[in-house]
1. Give me the pairs, please: first residue somewhere in segment 188-212 and over 16 Å from ILE98 (Cα atoms) and part of a helix (DSSP H, G or I), second residue anywhere and more than 10 Å from ligand 2 (Cβ to nearest atom) and of a type in the set (Lys, Arg), beta-carbon distance under 7 Å, and either six or more positions apart or on two chains.
2. Checking the structure you have, find out if any residue of segment 192-201 is open to solvent by less than 50 Å² (accessible area, probe 1.4 Å) and more than 16 Å from ligand 2 (Cβ to nearest atom).
3. Can you name every one of the helices (runs of 4 or more DSSP H) wholly within segment 39-142 that holds 2 or more residues which are touching an Asp or Glu at 6+ places or on another chain (Cβ under 6 Å) and touching a residue at least 24 places away in the same chain (Cβ under 8 Å)?
4. Taking segment 179-191, which residues are open to solvent by 40 Å² or more (accessible area, probe 1.4 Å) and away from ligand 2 (no atom under 15 Å from the Cβ)?
5. Filter segment 50-104 down to the residues that are of a type in the set (Val, Ile, Thr) and within 16 Å of ligand 2 (Cβ to nearest atom) and list them by number.
6. Check GLN223 against each of (1) crowded, with 17+ Cβ neighbours inside 10 Å; (2) touching a Phe, Trp or Tyr at 6+ places or on another chain (Cβ under 8 Å); (3) over 23 Å from SER104 (Cβ atoms) and name the one condition it does not meet.
7. Give me the residue from segment 234-271 that is more than 15 Å from ligand 2 (Cβ to nearest atom) and among the charged types (D, E, K, R) and, out of that set, least open to solvent (accessible area, probe 1.4 Å).
8. Here is a list of conditions, (1) at pLDDT 95 or above; (2) hydroxyl-bearing (Ser, Thr, Tyr); (3) crowded, with 16+ Cβ neighbours inside 10 Å, and SER141 meets all of them except one; can you say which number that is?
Amino acid sequence: MALRIYAPASSANLSVGFDSLGAAISPIDGSLLGDVVQIEACENEFELENAGYFVRKLPKELQKNIVYQAYVLFSERLKLRGGAVKKLRLTLEKNMPIGSGLGSSACSIVAALVALNQFHDEPFSKMELLEMMGELEGRISGSIHYDNVAPCYLGGLQLMTQSLGNICQPLPFFDEWYWVLAYPGIEVSTAEARAILPKSYTRQDVIAQARYLGSFVHACHSQQAQLAALMMKDLVAEPYREALLPNFPEVRQGCKDLGALAVGISGSGPTMFAIAPDLEHAQKLSAYLEKHYLQTNEGFIHICKVDNQGARELR
Ligand SMILES: Nc1ncnc2c1ncn2[C@@H]1O[C@H](COP(=O)(O)OP(=O)(O)OP(=O)(O)O)[C@@H](O)[C@H]1O
Ligand SMILES: N[C@@H](CCO)C(=O)O
């Protein structure tokens, strides 16, 4: 019997928490925005098949596909603890555009590792698996960061605490908020979007950003939606990355004029997000972004909510 694991899209940073905040997201229309990995027994040692709309954007060499690398890493770790790797076939359904700012590589990594772990009767704990996910994500973007893989795997809004045995911990969020996500249909490489960031920041910026993040986390715990939205500010990446996004400053202002509570870059872009206080605002923002932000016919808009489930089996 084949096992199918779905891993949802995620939005990292939330402007205020570069590399330390990320939320899993799901469209409210019930569509699946994420990758699926199917796993089943087979005659050969290992097989990998690729399917899905974005399969043509995957690297041609098998070894470069992050799902293959997930299999190799999982096998190495399992052998190290005396486990036996089963003969298996993986099929990746690549539904997520690559270089989108929606955690596309994280979707493939998480779906593959969850499938492998479940297929082998869960030899690894959640945190052990998450540590492997971070290592694989680091190979792609040049440095280990968990802000896509952690929410994609565990669901919800996650804060990367990386202490006392926990890579992340969940934060309470605002159930009434809608996320409008606009992917313009162009590619921005995470590695390149990281390379353009400054090597150091002024004391003034560091102090201000610490205040924003501290206040944001406090606002989540004390359920002060207005304060949380106000604190979603980014002095670390947005000022340097906005040039990579089509007309970002104008479109951000347009969204604010339409009542968005917060607007920013999703992960390393080019997807942008706008937070709406209710469905009516979300629909207006969606129509505006469709008109002003989409660049190619591969672009899309989704009205989403935070996905509290994370990676899961499709039955
Ligand atoms: N299964 C896979 N899914 C996505 N990218 C893959 C996969 N296998 C290999 N890659 C490579 O990993 C790189 C992914 O780039 P990048 O990190 O910019 O994309 P991303 O994960 O979509 O980014 P983001 O987290 O901003 O959505 C590309 O070079 C791509 O070819
Ligand atoms: N925190 C990462 C997310 C990348 O998807 C970055 O902004 O570079």
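1. TYR212/LYS233
2. No, segment 192-201 has no match at all.
3. It comes to 104-119.
4. ILE186, the sole residue that qualifies.
5. Hits for segment 50-104 are ILE66, ILE98.
6. Here GLN223 clears every test but (1).
7. ARG252
8. (1) is the only condition that SER141 fails.
The values are calculated or read from the model by the stated rules, or taken from the named source; none is laboratory data. All of these numbers come straight from a predicted model, not from anything done at the bench. For neighbour counting, all protein chains shown are included, and Cβ atoms are generated from backbone atoms with ideal geometry for every residue, glycine included. Protein only, heavy atoms only, side chains kept; ligands, DNA and RNA dropped before computing areas. Shrake-Rupley method; radii C 1.70, N 1.55, O 1.52, S 1.80 Å.
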